[in-house]
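See below for the structure under consideration.
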Amino acid sequence: MLDMPDEGRLERMSAMLRRRGVVLPAFDIYGGVSGLIDYGPVGASIKRRLTQKWIDHWLSHGDIVEIDSPTITPEAVLVASGHVGEFNDLMTECKGCGSVFRADHLVEHLHPNADSLNSDEIDKLLSTGIECPSCNESEWTSAQPMNLMFSTKIGAMSAGRTAYMRPETAQGMFMLYPALYRHFRQKLPFGAIQTGKGYRNEISPRQGMIRLREFNMAELEYFIDPEHPPLSDLNRRTEIVSLVPDPDGPHAGESRMSFGAALDAGIVRHPTVAWFLARTWDFLIEVGIHPAKIRFRQHASTEMAHYAEDCWDCEIHGEHGWIECVGIANRTCHDLESHESHSNTKSLRAWRQFDQPRSQTLDRLVPNGAVIGPTFRGDAGAVVAALELLTELPESFPFELTLANGNSVSIHESMVERRIDTVNVSGEWFTPHIIEPAFGIDRIIWHVLDHAYEEVEKEGEAYTFLRLSEGISSVDCVVLPLFDKEGMPDLAKEITSAINALPHSRAEMDSSKSIGRRYARADEIGVPWALTVDHTSLEDGSVTVRRRDDQLQVRAFVDEILTRMTNGTMQELF
RNA sequence: GCGUUCGUGGUGUAGGGGUAGCACAAGAGGUUUCCAACCUCUUUGCCCGGGUUCAAAUCCCGGCGAGCGCACCA
């Protein structure tokens, strides 16, 4: 089904991307830094346009808004999120062969909870004769934490607080949950998106722009009521997609079906997750990813991230094989609950109104402060707190009450009043669940370029097209004076300005070298339209319009072209 | 991080102790009535740092970077 790997295509494509200013190694004149890239003049436009399409894609839902948060993040936030623990794996190196391993993996058969050990404890276990999996030696260096986050300080010198460059944008949306809840008039579901940089100090970045140390992410956090998950009608969707369900589950093996069928069969476990799989598909198709090179892979329960309950990767096939480009996870209430307890707030919840107010009978012991105060003095507060927590009321007085500090006190009848109240409860507080689609923008751009890059033979010569979707290419059209004289460059300049005055349209003029060469240059970086100014243009204001994908030409008037550029109907000229 | 192959104009390559060459691309001019044409001229290079040598792009050491394998990671 998929094309056989073409020797050298990757090299030729990478060379083109560098030569034409799409993607280049960063800091190249200083030798470069692995895992850091530049988007050049062509690539930066492509990235901006693709990112904008992503933003528009989600904002069009109506219940999703955009936010923007700092990349520098205080340590406490990332402790609560689990990143400080998760990203601080202890590593050890075999003195025999130099192989590096996660220390907790080497000793996990000796300890039930190996990843909670500190480095001294791990060193002790390692010295009990653990053999190196690759050379069977058993001499280990002492375990060192390998932090995958870039750390920094907020504030100067020793007074500075420890902070990290964010490893994901998601935490920003969680921090703003209270503001979002207010913005949406306290009604779920709603979502927030953010695009921006994320940072991970990868041990060994590889595969060009696939694994970067600084990368562009685009994440959506969608907050839902787990008891009333929003339902969308997937039955109208007819596309058949590749799914690779959990290999340990009942549906193991690759299958092809519609999104609706996958949900009905229980392969996708959550209706909102299924909906976002479908909307992810829509986006990828819109920006020019080849449908046959997309598949959705469900995480095995063993590889699931620490927070997730059902997790799907959207993988795209390209020169580097199948690459995870989007992760769609049901993060449940994990993040908000964790931030609530670490930050000691109660503001990360939502109110669920009951259909009918529930009448509830409260049977409790109301403390009598006038007696409890003088009797217990300093402990009085603790006694009142303990009384409020009582669920089973005593049969008789006096009875023994255990306080939070473990002490026990005797409660006499005079200290409390038994009160039975009937109250109407109209709803309850709960922690929303979160469905998170997280997009790796750089990886998607790579695959957009990969799928668009096409090498053909034209009159015996190698010829390259970048068949980018309209609206993704760096510019929408080039304007070419057929000759660089006789007023043609002037008219071409006018037309270029007119197009650039349109909202969201970009044109460039190119007047150097032969017309054929200029078409070729535009084809190589994926410009979909070329307008050529010739002698007739000077007489009647018409130009020839050339379509990149089949190189057909028609003649049209500039006014009509401007209109069609605006409303996206250029194709109808042909 | 280990092993391995490698690093020469913008791109692709030749040279492998003594003046760095070619092709394409790019710029200027000419020519040309729509698909990488042609002519003239021009610009741009031995990844970085040490060492050996009268002399290093070339040999040696280290670093950085790229590809691949292992490991790590999502």
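Applying the Karplus relation 6.51 cos²θ - 1.76 cosθ + 1.60 with θ = phi - 60° to segment A:22-30 yields 3J(HN,Hα) values of 8, 10, 9, x, 7, 6, 4, 6, 9 Hz, where x marks Gly and Pro.
Where nothing but the Cβ of Lys and Arg (+1) and of Asp and Glu (-1) is charged, how large is the charge dipole of segment A:465-574 around its Cα centre, in debye to the nearest 20?
The dipole of segment A:465-574 has a size of about 360 debye.
At most 12 other Cβ atoms within 10 Å and a DSSP loop assignment: could you name the GluC sites (Glu not before Pro) in segment A:394-439 that fit?
On the way: sites: A:E395, A:E400, A:E413, A:E417, A:E428; in loops: A:E395.
Passing both the DSSP loop test and the Cβ count: A:E395.
Considering only C-alpha atoms, what is the centroid distance from segment A:231-256 to segment A:364-390, in Å? Going from one Cα centre to the other spans 58 Å.
Using the Kirkwood radius built from alpha carbon pairs, what does the Stokes-Einstein equation give as D for segment A:1-63 at 37 °C and 0.692 mPa s, in µm² per second?
Details: Rh = 14.1 Å.
Roughly 232 µm²/s, to the nearest whole number.
Amide H contacts under 5 Å for A:D310: A:N330, restricted to partners 5 or more places along the chain or on a different chain, H placed in the peptide plane at 1.01 Å from N. Once backbone amide H atoms are built at 1.01 Å from N, A:F399 has A:I411 as its partners under 5 Å, excluding neighbours fewer than 5 places away on the same chain. Simple rule: put +1 on each Lys or Arg Cβ and -1 on each Asp or Glu Cβ in chain A, find the dipole, and look at A:Q52, A:P205, A:P230; the Cα lying farthest toward the positive end is A:Q52. Legend: calculated FRET efficiency, A:V423 to A:S255, from the Cβ-Cβ distance at R0 = 35 Å, rounded to 0.05, equals 0.10. Along its first, second and third principal axes, ordered by size, segment A:27-83 spans 45, 34, 15 Å in Cα coordinates. With a Förster radius of 22 Å applied to the C-beta separation of A:Q52 and A:A179, the computed FRET efficiency comes to 0.40. From most to least packed by mean Cβ count within 10 Å, the peptides A:326-333, A:216-223 give A:216-223, A:326-333. Backbone phi angles across segment A:454-466, fed through the Karplus curve with coefficients 6.51, -1.76 and 1.60 (θ = phi - 60°), yield HN-Hα couplings of 9, 9, 10, 10, 10, 6, x, 10, 5, 9, 10, 10, 10 Hz in residue order; Gly and Pro are listed as x.
Between the helical axis of A:515-524 and the longest alpha-carbon principal axis of chain A there is an angle of about 20 degrees. Take the Cα of A:L59, step 7 Å toward its Cβ, do the same at A:R517, and the gap between the two points is 4.2 nm. Share of carbon and sulfur in the accessible area of chain A stands at 49%, probe radius 1.4 Å.
Taking every DSSP beta bridge with both residues inside chain A, roughly what % is antiparallel (nearest 5)?
On the way: 90 of 104 bridges.
For chain A, the DSSP antiparallel bridge percentage is about 85.
Determine which lysines satisfy two conditions relative to A:K458: a Cα distance under 21 Å, and not lying fewer than 8 residues away in the same chain. Straight-distance partners of A:K458: A:K513. When the alpha carbon coordinates of chain A are projected onto the principal axes, the ranges are 108, 67, 55 Å, largest first.
The values are calculated or read from the model by the stated rules, or taken from the named source; none is laboratory data. Keep in mind the model is a prediction, meaning the values are calculated, not measured. Neighbour counts run over all protein chains shown; Cβ positions are idealised from the backbone, glycine included. Just the protein is used for accessible areas: all its heavy atoms, side chains included, with ligands, DNA and RNA removed. Shrake-Rupley method; radii C 1.70, N 1.55, O 1.52, S 1.80 Å.
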